[in-house]
Each structure stands twice: as structure tokens, then as C-alpha cells.
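The values are calculated or read from the model by the stated rules, or taken from the named source; none is laboratory data. Just so you know, these numbers come straight off a predicted model, no measurement behind them. Methodologically, a virtual Cβ is constructed for each residue, glycine included, from the backbone with ideal geometry; neighbour enumeration extends over all protein chains shown.
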Amino acid sequence: MWRIMLASAAFWVFGSGWLQGQTPVRLTREHVDLWVEYREDMGPPRLRLWIVDHDRGLRYAPPEARLVVVEMARMELPGDYPPLGQAGESLWILPQSQDPRLLYLGWNAGGVAAGAFPNGVTVRLESVDGPGHFLLWQAAMHGIAVAMNSRDGADETDRVVLPPGSHSHWNFGFTAPGRYEVTFVAEAVAGDGITRETSPPTVVYFEVEPIPVEARPFELWQRRHWPDGGDVSLVGPGADPDGDGLVNVVEYALGLDPHVPDRDRLPRPVLVTTPEGRKLRLEFKTPRTATDVQFHAWQRPLPGPDMPWQPVLGPQVLSSAPEDEFQWLAFEIEAPMDSVGACLRWAVELLPWP
Amino acid sequence: MKSMVKPIPSQNCRSRIWAALAAWSLAWTATAATVLQRGHVDLDVAFEDGALELHWHVHEPEPEGTLFEPEDLVLEVGPAAATFVPANPAYWFLGPPGSQVYVLPVVEHPELPFLGLSAEEISPGLFAGNQILLGLVNATGPGQVAVYGVDPFGSPTLWMYTGDGISAADAYTLYAGSHAHLYWAFTAPGSYDLEFVARGKLEGGSWVESDPGRFSFVVVPEPPAGALGLLGMALWLIRRRLAT
């Protein structure tokens, strides 16, 4: 009989944390363009949007970059400038005229060959997800011309038309600090008047400073279970108010109830047969909102108190539909037929925030 | 930067008509210099062999473009640049409200040069604050020239203006590795020569200064209706004479 030992889940508070993928590059004062490219030699989509840093000669896919609007970009409107706002209201602005302290942002259709689209490329505002509104306009001697304004929703009127090969600078405005996801779609009609090219909806990420500090998810869980607050010996991550041997951070990470003894709901490893052979699998669910925890596991063979623990890769994501409240994760280790057994230890780490 | 409190300049109607005709005819005259009517072009500051240099940088063919010595290119400011001075008193330097002015905008126009100021070829770290000062030191032409930016609310920042004389205030700060676009306004048609000098303080503490570079512009309005009529008549007469 194969022997399995599962050490009790432990927890760490403010551990080292894990780097979740590549860190986006922050662009703060560079000359940057939202670059429209048309590649006739590619399969659809042939129209794409990129982020181009002219100072360094680098190009980024939009998810790889964060366009930063530093706090000194905040201005108080000197008068009423509908629809930008009214006198005294704050507006964070990346200006059309270069300010060396700020990001110098423009639109550029340099990636579209002359003659490709007789009527140019239309870039539409698809949506804005953020704490405030987004505006795009140009100012000249004859006044202000607003091209995009999310105050009244995003519709067909929220657009700019870029002649192929053209380059222009605009005022980009935001009405509140925080993180914005501004989605654009580029569209164009070829010279035959029939062939239409459309880019995928492309999210451009802006960070308007100062970024409000969000309550960490674990704190929100604490407030939900103890609305009146409480002593750290009751509500803290290492506390065990229901006395079931599962501390609060484990209850939180596994979606359990800290007020009800529910140690019997602690996941147990099971032997499974896979195409790759027999495995020992520890399957568990975690709330999708618990983004500030990380799971770790280690293994060592039996008998083996003198054997070192070896880290187990993972956990693997078994299911993660966005509409589900929980996602299912699993750690797996080899369980060869000729082995006696294995020991699996796992832990929950509460990550630093933010 | 220039002070924004200045008197409004006056204009002579008859001299503008003659200047317009002269400019229009100049556009059809072969010159030794290349005439650029449209496309992205920069007044470029470079740093080579310990010296600052001024060039025109035409951004075609891509990607490197073409460099011209200042005297080897003439920028044509065509009829699409014509606009009228607004009633906004902040734009006093362009002339009386309602008068005609010729402006190269900061948005690329298919019928105009898209003119920028560039220090893109200068590596950051060479100059103190990464700053290079481009100063206007001399100007000739039938009207005034103003180089200005516009803030997000439409108010101008005047960087260079010939209408109050030329001084150290007629300058714009460029940043190494970057470039900028400003409005270039000309108050009358005709030929203009603008002479610039670039200066910068090296990180080691010494100053370097370029030789003066003379950059030429020709403002070409729509030909006057009368002149078009005369030209048409002349061509008809020539054709009739050749036919007989």
C-alpha cells in the first residue's frame, strides 16, 4: 500500500512573493507614440496597435507597457472648457506640446504605407475602464477640438482619423487618479472601397498618479468576517478563532469559514493514474479574489526523515472560468509503483501588498 | 521664451500684394536649393566630433531619411497654411484679428511640411540636463515670424518672435534624444531666412556652440485671381501666336 503523508499546511506572512510574469515597462517622460501598423503580408488581423518609445527605439505590445501620467501633470482648469470640465476642476493632462517632465504622447500611422487606405485609418474609442473619464483633444489658436470624450460614453463620434504615415500629438486627459484601461479599435477601408481591415480591441494601460492604495483582498476578507473588527489574536492571519487547527490565512486561501471548525474540508492528496503514469495529486480550490496568497509544496520519499525536501512545481490550474467564484488548483508528484510512498508538505504564503 | 505683453504690429496692404506675387512666382523659379513642400522634416541639432551642427533632416526615404545643409533646402509654406488671426488677445503677435497669417501646424497636413525641432541624434548624458538651446540670432523677410507652442486650453507660449527684435529670449530648449513640434507662423508671403545657433553645456563644464545655420522658408499664398487671369491670357496669346 502506498503511504502518503501530508504535513499540515503552514503559512508565511509577508514572504518573498513571486514574480507573476514579466513586469510591464513604465514610460514616464519619453516621446511615445500609439503606433498603427498595417501588415499586408500577414494573416488577419493586419491592423495592429503598438506602443513605440522613440527615445530608445523600442516597440512594445500594449500589455507590456504602462503609460504613466505623473502627479505633476495635474492641472486645475483655469476656466470653463466644456467638455473638459469647469473652472477649478482637476484634470491630469499629457500635453500636445512637449513638457520634458511628462510623457510626450502622440498618434502615429507610420506603420501604414501611403496609399493603403485613401481615407486614412480611423481609431475609435471602444471603452474606458478606470476611476474617471478619458479625453483626447487638440488645442490651437481657433479653440479646442475634442476627438474622444468618455464622459458621454464611447460611441462612433469618439475617434481620430490618421492619414497613412502621419504623426500628431494630442492632449490626453484623465479626470481622476488611478489605473485606466483604455480600449481602442483601428479600422480602415482599402482603395477598392470594399475591403475593410479592423484591429482587435487593444487595451492601452495608463497609470495616473498618485495611484490610490487599494485594500488588500485578505483585509477585505477580514472585514467581511469581523465587521466590527477585532484583536489580532482573533482576526490576524495566524489566529485560529474556531480552534480547528487551520489558521485564518489558510481558511481565507481555501475559501473556508473561520468561525466554523472545518478541518475536515482540508484537501487530501489522492493517487491518480495519468497518461504519464501514477501520480499523487493534491487538489484544492481557492477563491478567485484571493490574489494576495501563493501556494507552495515540497516532497520527499518515504522512508526519509533524513531526505531533503524538494520543491514541487506549481500549482497547476485545473479550471479557471472567469465567471466562477473559485478556481481549482493542484500539486502533482510522481508515485512510481516500486516506491514505498511519499511525503507531501504544502504551505500558504501571504504576499506583500501592494 | 518671449514676453507675452507686446504691441500689435501693423501691415501694409500694397506691399503684401507685391510680396504675394513675388512669392508665388518664386515658387515656379528653379533654384539651386531643394524645395520641400510636404512631409516630415526637422531642424536638426547634432553633436559630431565635439561640435554642435545644424541640418535639415527630411524623414524620407525611411528609415534614415536625408540630411541637408541648411542652405541646401527651402521649406515651402503653401496655401494650406493660410488662416486668419483669431480675436483672442493672447495671439496678438500674429497680427490684427481677422488678418491673414500662414502657420505650419503641429498636426501633419498632407499639403504642408510637418516641421519639428530635433536633438534625437544627440545621446543623453553628454550635455548638462540633456539640454541644448536653439537660439534665433537673425531673421530677414517681408513679415514677422513667430515660433510658439499651445497649451491644452489653447493659450500660446511664445518661444521666438521677430516683431520685437531678436535677443537671447528668442530660443527654445531641446532635449537630447528627443524632438518637438511647434507652430511656425509667418505674417506675410515671401521669402524668409532664419539664422539659428545651437548652444549647450557639456557635462564636463565647457560650452559648445554651433556655427550659425541659415534656414530658408518661402511662404506661397494662393495666387491672386488677377494674376491667374493674366497668366491665362498670356498663355493663350502665346499658343495662338505659335499656331499662326
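Listed values, structure above:
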{"read-out": "Some residue of segment A:286-309 being under 15 Å from A:L329 (Cα atoms) and either part of a helix (DSSP H, G or I) or among the basic types (K, R) (or both)", "value": "yes"}
{"read-out": "Qualifying residue in segment A:334-345 (condition: closer than 20 Å to A:Q294 by Cα, at pLDDT 90 or above and in a strand (DSSP E or B))", "value": "no"}
{"read-out": "Any strands (runs of 3 or more DSSP E) falling wholly within segment A:125-221 and containing at least 3 residues that are within 14 Å of another protein chain (Cβ to nearest Cβ)", "value": "A:134-140, A:143-149, A:159-162, A:167-169, A:171-174"}
{"read-out": "Residues (closer than 23 Å to A:L84 by Cβ and out of contact with any Lys or Arg (no Cβ under 9 Å at 6 or more places or on another chain)) located in segment A:102-133", "value": "A:L105, A:G106, A:W107, A:E126, A:S127, A:V128, A:G132"}
{"read-out": "Criterion (in contact with a strand residue (DSSP E or B) (Cβ under 8 Å, 6 or more places away or on another chain), surrounded by fewer than 22 Cβ atoms within 10 Å (Cβ to Cβ) and within 30 Å of B:V41 (Cβ to Cβ)) met by exactly one of A:A139, A:A116, A:A176", "value": "A:A116"}
{"read-out": "Condition met for A:Q98 (at the interface with another protein chain (Cβ under 10 Å from one of its Cβ atoms), buried (at least 18 other Cβ atoms within 10 Å of the Cβ) and not in a strand (DSSP E or B))", "value": "yes"}
{"read-out": "Selection within segment A:134-164 - at pLDDT 95 or above, more than 30 Å from B:L94 (Cβ to Cβ) and touching a Gly at 6+ places or on another chain (Cβ under 8 Å)", "value": "A:F134"}
{"read-out": "Candidate set: segment A:60-94, residues that are within 13 Å of another protein chain (Cβ to nearest Cβ) and among the charged types (D, E, K, R); chosen: the one surrounded by the most Cβ atoms within 10 Å (Cβ to Cβ)", "value": "A:R74"}
{"read-out": "Top-ranked residue in segment B:58-75 [being within 11 Å of B:G39 (Cβ to Cβ) and surrounded by 19 or more Cβ atoms within 10 Å (Cβ to Cβ); ranked as modelled with the highest pLDDT]", "value": "B:L75"}
{"read-out": "Sole residue being at pLDDT below 95, among the aromatic types (F, W, Y) and either buried (at least 20 other Cβ atoms within 10 Å of the Cβ) or more than 20 Å from B:A51 (Cβ to Cβ) (or both), chosen from B:Y161, B:Y183, B:Y175, B:Y192", "value": "B:Y175"}
{"read-out": "Sole residue being in contact with a strand residue (DSSP E or B) (Cβ under 8 Å, 6 or more places away or on another chain) and within 14 Å of chain A (Cβ to nearest Cβ), chosen from B:A185, B:A198", "value": "B:A185"}
{"read-out": "Selected residue (only one of B:V208, B:V137, B:V147, B:V197 is of a type in the set (A, V, I, L, M) and closer than 24 Å to B:Y91 by Cβ)", "value": "B:V147"}
